[in-house]
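The values are calculated or read from the model by the stated rules, or taken from the named source; none is laboratory data. Here the structure is a predicted model, which means the values were calculated and not measured. Cβ placement follows ideal geometry from the backbone for every residue including glycine, while neighbour counts extend to all protein chains displayed. For accessibility, only protein heavy atoms count, side chains too; no ligands or nucleic acids. Shrake-Rupley method; radii C 1.70, N 1.55, O 1.52, S 1.80 Å.
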Amino acid sequence: MMLLSPLSQFNLSYNNKPTVVSMTMTKTTRKDFLEDLSVLQWVVTFLFLGVSCTVLMVALMFTSMWLVPTLYFIWLVIDWQTPEKGGRRKISVRKWKVWEHYRDYFPIKLVKTAELNPNKNYILGCHPHGIMSIGAFGCFNIECCGFSEAFPGMRVSLAVLAGLFRIPLLRDYLMAAGLCPVSKASLCHLLSKSGTGNAVVIVIGGAAESLASHPGVQTVLVKQRKGFVRLALEYGVDLVPVYSFGETELFQQVTFSDGSLGRRLQDMFKKIMGFAPCLFVGDRWALLPSKTPITTVVGKPISVPQRINPTEEEVDHYHKLYMDSLSNLFHEHKVSCGLSESHKLCII
């Protein structure tokens, strides 16, 4: 067995060629095991931590430790608005060693195609959602994929389901990791009250797009999603398309046909809870995703003027520019990211 130390390579250039932030290594058995554990803990966290935290705090109310959840819930009321005012990110959490193993498992790499000006703010629209948005989390919410090196002076925030920040304990973990709610108040704060150099990442397709995630299929839900364009116009921030190649290859999803009982239950759950209960299976242990490389390509900014009250025509115009830019980004990089020249992007 060959034993080589992990070597991270950050090839950061500032010319017209895309900058690739990647990691190469020869892995040991121990390294493979650590990667498996790091991804497994993330998947378990994604699926069960919210429920576990809620059950724990409620259960403690009926024990001799009832004072602990009581004090916490008092603190929760006082701290209720913090997630929508920038949160409380901890750089130490974003730099945990476990995230390096998480990155290396697939591996995940970041491709830069243009500069982002730290004197401006941006909305980065990330596609596709996949089952768990693993590429978005890896590139924009942990400090080991090279975003800070590729885009110096930029402070990136990944926006996720706002309801998660109402769950006790989980909300504090999410804030420490630098996540923010995808709510109007939170996004407005980041884009207008936190200075410049903010890059807010929104997974545009959201929960509905996760139901369209299947290996070999590249489908993004954008045509009826215009709120992010309207927000960009209101605050005069540029739009940046982002595509994570490999995101839809990680899990096999059980598909229910339109109109079936299973699909109706999924849609009803999504309306009530805000996210879709996907039925999926991983590559190993049922939960571990496939070891498919994920390449997240950050496209070129689309200049957007400020319009306090944008018209529908203006929203439609910049929405079309965004969709065209996303399509161009996909077709320009699909071959280098492992897809065939004939592969199509379906925008619905």
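If packing is taken as the average number of other Cβ atoms within 10 Å across a peptide's residues, how do 102-108, 321-327 rank, most packed first?
Top of the packing list down: 102-108, 321-327.
According to the square roots a ≥ b ≥ c of the eigenvalues of the Cα gyration tensor, what is the shape class of segment 56-163, taking rounded for a/c under 1.5, prolate for a/b larger than b/c otherwise, and oblate for the remainder?
Prolate.
If I ignore ligands, DNA and RNA and count only protein heavy atoms, how much of residue 61 is accessible to a 1.4 Å probe, in Å² to the nearest 10?
80
Which of the peptides 47-55, 334-342 is most tightly packed, and how do the rest follow, judged by the mean count of other Cβ atoms within 10 Å per residue?
Working: 47-55: 14.6, 334-342: 13.0.
By packing density, highest mean first, the sequence is 47-55, 334-342.
Under the Karplus relation 6.51 cos²θ - 1.76 cosθ + 1.60, θ = phi - 60°, what is the ordered set of whole-Hz ³J(HN,Hα) values for segment 143-154, x standing for Gly and Pro?
9, 10, 9, x, 4, 4, 6, 6, 10, x, x, 9
Carbon and sulfur: what percent of the chain's accessible surface (1.4 Å probe)?
Using a 1.4 Å probe with all protein chains present, the chain comes out at 62 percent carbon and sulfur.
Provide the net charge surrounding residue 328, with neighbours chosen by a C-beta distance below 14 Å and charges set as Lys +1, Arg +1, Asp -1, Glu -1.
Net charge around residue 328: +2.
What's the local net charge at residue 309, with K and R +1, D and E -1, over the other residues with C-beta under 14 Å away?
Charge balance in the 14 Å sphere: -2.
Quick one: among 69, 293, 305, which has the greatest mean-square fluctuation in a GNM of the chain with alpha-carbon springs under 10 angstrom?
69
Just to confirm, what accessible area per residue do you get for the chain at 1.4 Å probe, in whole Å²?
Values: 16390 Å² over 348 residues.
Accessible area per residue, the chain: 47 Å².
How far apart, in nm, are two points set 7 Å out from the Cα along the Cα-to-Cβ line at residue 254 and at residue 81?
For the pair residue 254/residue 81, the computed spacing is 4.4 nm.
Given axes a ≥ b ≥ c from the Cα gyration tensor, I'd like to know whether the chain is rounded (a/c under 1.5), prolate (a/b larger than b/c) or oblate.
Values: a/c = 1.28, a/b = 1.10, b/c = 1.17.
Taking the square roots of the gyration eigenvalues as a ≥ b ≥ c, the chain is rounded.
What is the gain in length, in nm to one decimal, between residue 92 and residue 314 on full extension, counting 0.36 nm per residue of separation less the C-alpha to C-alpha distance?
Computed gain between residue 92 and residue 314 is 75.7 nm.
Can you find, among 195, 303, 214, the residue farthest towards the positive end of the dipole of the chain? Put +1 on the C-beta of Lys and Arg, -1 on that of Asp and Glu.
Going by the charge dipole, the pick is 195.
Going by Cα centres, segment 304-340 and segment 53-72 are how many Å apart?
Taking the Cα centre of each part, segment 304-340 and segment 53-72 sit 48 Å apart.
Hey, rough spin-label estimate for residue 176 and residue 347, points 7 angstrom out along Cα→Cβ, what's it come to in nanometres?
According to this spin-label approximation, the distance is 4.1 nm.
Give me the aspartates and glutamates in straight-line cross-link reach of residue 85: C-alpha distance below 20 Å, same-chain residues under 8 apart excluded.
Output for residue 85: 172, 234.
I'd like the accessible area for residue 91: 1.4 Å probe, protein heavy atoms, all chains in place, Å² to the nearest 10.
Roughly 100 Å² of residue 91 is accessible to a 1.4 Å probe.
Which of the helices in the chain meet the span-like rule: DSSP H, Cα axial reach of 24 Å or more, Kyte-Doolittle mean at least 0.0?
Result, helices passing both filters: 29-60.
Using +1 on the beta carbon of Lys and Arg, -1 on that of Asp and Glu, and nothing else charged, what's the dipole of segment 35-117 about the Cα centre, debye to 20?
300
If you take every residue apart from residue 143 with its C-beta less than 9 Å away from the C-beta of residue 143, what net charge results, scoring Lys and Arg +1 and Asp and Glu -1? Before the final figure, lay out the partial values.
Numbers: positive: 94, 95; negative: none.
That works out to +2.
List the aspartates and glutamates whose Cα lies under 15 Å from the Cα of residue 95, skipping any in the same chain that are fewer than 8 positions away.
Qualifying aspartates and glutamates at Cα under 15 Å: 104, 143, 149.
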